[in-house]
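Participant: Next up is a structure, given as C-alpha cells.
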Amino acid sequence: MNLAQLMQQYADINNLNNLEGGVQTELSGIWFYRSSCGNSRQPLTYQSGVIILGQGQKNIYVGDESVTYGPNDYLVVGVPMPLECEAIPVDGKPLLGLSVDIEPQLLHRQINILESMGYITNKTPSDNAFGLRSVTIQPPMLDVCKRLMIALTKPVELAVLGQSLKEELAYRVLTSGEGRVLFDLAQHEGHYARVAKALSKVHHSYSENLSVERLAKEANMSISAFHTAFRKITLESPIQYIKKVRLNKARELIQLSGRRVNDAARLVGYNSVSQFSREYKRHFNQTPTDF
C-alpha cells in the first residue's frame, strides 16, 4: 500500500470517514487529519513539528512568502507560525495527513548524538532562517511514515514500536535538507532559538501585556536585534504576531468553546470589545458574531 492507502485504512478502522479536522491518535504527540471539504484561504496557527500529507494539497501563506506541499512533501515547522492556509482535496479524494510534535527532550538527545559523531547539518546562517520549510519526502522518510501508519492500526505493534518509530521519524527530519530548522531551534545561543523562546512566551501568556521590550528581555537580546531577528524568522513584527495569536485563540474560544464575544476578547487580552471586533473582522473577514 502507498501512504495514502494506509492513512485511509486508519480512517476506516477508526470510523473517521466523516472527520473534518484533526484527532489525537493512540500515540502521544501524533494527530491524524482528514477533510473531504478542505478550506479556502483562512488564518490559523501551525504549531512547531512536522506535517505529512498522504493525500491532497495545502498552500501556506506567511507575509509575502508562500509554501505548497502535498503527498511528495512534508512540512517542517520550527516555531509556532500564525499564517493563512488553503487546503485542497485532489481528484475528489479527501485530504489525509499526520501532524507530529517532536518533544524538546527527543530533539536535544538526537542532536547531541549527531554532534558528538561529527554530523554537520547543511544550513545557512540561523539569523536568516525562516521558521517553516517544505521538504521533498525521500524514501527513508516515506518508509518510516508508512511503518508508523501500519503500527497505528495494530495496538500491540504500536505499544512495542510506536516510540521508536517516532524517534526514527525525528532522525529522518533532522538529517534532511531542512533539518537545520530543528537544529537551530535547539541551539539556545543562536537568534533562532532565542526568538523561539519569546514565541513560547507569547503562546502561553497571550492574555498578558506583552510589550516588545518584555519579549526582547525574554530572548536576552537588545530590542533592535530582537525585532530584526523576529521579522526574519516569522515574517511578522512582534506586535502583529501577538495580535494574530490572540485573534486565532479568540476564534477557538468562540467557535469551539462557545464563549461570548466579550468574554473571548477579555480572555485573550483585549480591554476594548469594539477594538477586538474591528481587528477580528479585519483578520478573518467576518465579525465575531457571524459564526
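The values are calculated or read from the model by the stated rules, or taken from the named source; none is laboratory data. As the structure is a prediction and not an experimental result, all values here were calculated from the model. Counting neighbours? That spans all protein chains shown, and the Cβs are built from the backbone with ideal geometry, glycine included. What goes into the accessible areas is simple: the full protein's heavy atoms, side chains included, and nothing from ligands, DNA or RNA. Shrake-Rupley method; radii C 1.70, N 1.55, O 1.52, S 1.80 Å.
Participant: If R259 meets every condition in (1) surrounded by 15 or more Cβ atoms within 10 Å (Cβ to Cβ); (2) under 23 Å from G131 (Cβ atoms) apart from one, which number is that one?
Facilitator: It is condition (2) that R259 fails.
Participant: Looking only at segment 196-207, filter to residues that are more than 16 Å from the chain's Cα centre (by Cα) and touching a residue at least 24 places away in the same chain (Cβ under 8 Å); which one of those is least open to solvent (accessible area, probe 1.4 Å)?
Facilitator: A198
Participant: Here's another thing I want to ask about it. Filtering segment 10-31 down to residues that are within 14 Å of A151 (Cβ to Cβ) and surrounded by fewer than 14 Cβ atoms within 10 Å (Cβ to Cβ), which residue is nearest to the chain's Cα centre (by Cα)?
Facilitator: S28
Participant: Ok, one more. Go through segment 60-72 and give me each residue that's within 25 Å of L107 (Cα to Cα), within 15 Å of the chain's Cα centre (by Cα) and surrounded by fewer than 21 Cβ atoms within 10 Å (Cβ to Cβ).
Facilitator: Of everything in segment 60-72, just one residue is within 25 Å of L107 (Cα to Cα), within 15 Å of the chain's Cα centre (by Cα) and surrounded by fewer than 21 Cβ atoms within 10 Å (Cβ to Cβ), namely V67.
Participant: Does any residue of segment 234-246 turn out to be buried (at least 16 other Cβ atoms within 10 Å of the Cβ), acidic (D, E) and closer than 20 Å to K201 by Cα? Steps first, answer last, please.
Facilitator: Pass one, segment 234-246, residues buried (at least 16 other Cβ atoms within 10 Å of the Cβ): 234-236, 238, 241-246.
Add one more test, that the residue is acidic (D, E), and what stays is 236.
Those still in the list that are closer than 20 Å to K201 by Cα too: 236.
For segment 234-246, residues buried (at least 16 other Cβ atoms within 10 Å of the Cβ), acidic (D, E) and closer than 20 Å to K201 by Cα: present.
Participant: State the number of residues belonging to segment 138-178 that are surrounded by 20 or more Cβ atoms within 10 Å (Cβ to Cβ) and in a loop (DSSP other than H, G, I, E, B).
Facilitator: Counting residues in segment 138-178 that are surrounded by 20 or more Cβ atoms within 10 Å (Cβ to Cβ) and in a loop (DSSP other than H, G, I, E, B) gives 2.
Participant: Are any of the residues in segment 109-119 at pLDDT below 95, more than 15 Å from the chain's Cα centre (by Cα), β-branched (V, I, T) and open to solvent by less than 20 Å² (accessible area, probe 1.4 Å)? Can you show your working first?
Facilitator: Filtering segment 109-119 for residues at pLDDT below 95 gives 109-119.
This time we only want the ones that are more than 15 Å from the chain's Cα centre (by Cα), so: 109-119.
Now narrow it down to the ones that are β-branched (V, I, T): 111, 113.
From the residues that got through so far, the ones that are open to solvent by less than 20 Å² (accessible area, probe 1.4 Å) too are 111.
Yes, segment 109-119 contains at least one residue that is at pLDDT below 95, more than 15 Å from the chain's Cα centre (by Cα), β-branched (V, I, T) and open to solvent by less than 20 Å² (accessible area, probe 1.4 Å).
Participant: Would you be able to tell me the number of residues in segment 274-291 that are in a helix (DSSP H, G or I), open to solvent by less than 60 Å² (accessible area, probe 1.4 Å) and not charged (D, E, K, R)?
Facilitator: As a first pass, look at segment 274-291 and keep what is in a helix (DSSP H, G or I): 274-284.
Now restrict to residues that are open to solvent by less than 60 Å² (accessible area, probe 1.4 Å): 276-277, 279-280, 283-284.
Checking which are not charged (D, E, K, R) leaves us with 276-277, 280, 283-284.
Summing the residues that are in a helix (DSSP H, G or I), open to solvent by less than 60 Å² (accessible area, probe 1.4 Å) and not charged (D, E, K, R) in segment 274-291 gives 5.
Participant: Within segment 208-228, which residues are open to solvent by less than 60 Å² (accessible area, probe 1.4 Å), closer than 21 Å to S48 by Cβ and not in a helix (DSSP H, G or I)?
Facilitator: Result: L210, A219, M221.
Participant: What are the pairs, 6+ residues apart or on separate chains, where a residue within segment 271-289 that is within 12 Å of V261 (Cα to Cα) has its Cβ under 6 Å from a residue that is of a type outside the set (F, W, Y) and open to solvent by 40 Å² or more (accessible area, probe 1.4 Å)?
Facilitator: From segment 271-289, the pairs are V273/N262; T287/K281.
Participant: When residues of segment 229-265 are filtered for being in a helix (DSSP H, G or I), of a type in the set (K, R) and within 27 Å of G21 (Cα to Cα), how many remain? If you could, list the steps in order and put the result at the bottom.
Facilitator: Let us first name the residues in segment 229-265 that are in a helix (DSSP H, G or I), namely 229-234, 238-255, 261-265.
Those still in the list that are of a type in the set (K, R) too: 231-232, 243-244, 246, 249, 251.
Then drop every residue that is not within 27 Å of G21 (Cα to Cα), which leaves 243-244, 246, 249, 251.
So the answer is 5.
Participant: Could you list, ordered by first residue, the pairs with Cβ atoms under 8 Å in which the first is in segment 19-47 and closer than 25 Å to G162 by Cα and in a loop (DSSP other than H, G, I, E, B) and the second is modelled with pLDDT under 90 and open to solvent by 40 Å² or more (accessible area, probe 1.4 Å), at least 6 apart or interchain?
Facilitator: G29/E103
Participant: Shifting gears a bit: For residues that are at pLDDT 90 or above and not in a strand (DSSP E or B), scanning just segment 73-100, find the one that is surrounded by the most Cβ atoms within 10 Å (Cβ to Cβ).
Facilitator: Filtering segment 73-100 for residues that are at pLDDT 90 or above and not in a strand (DSSP E or B), the one surrounded by the most Cβ atoms within 10 Å (Cβ to Cβ) comes out as P94.
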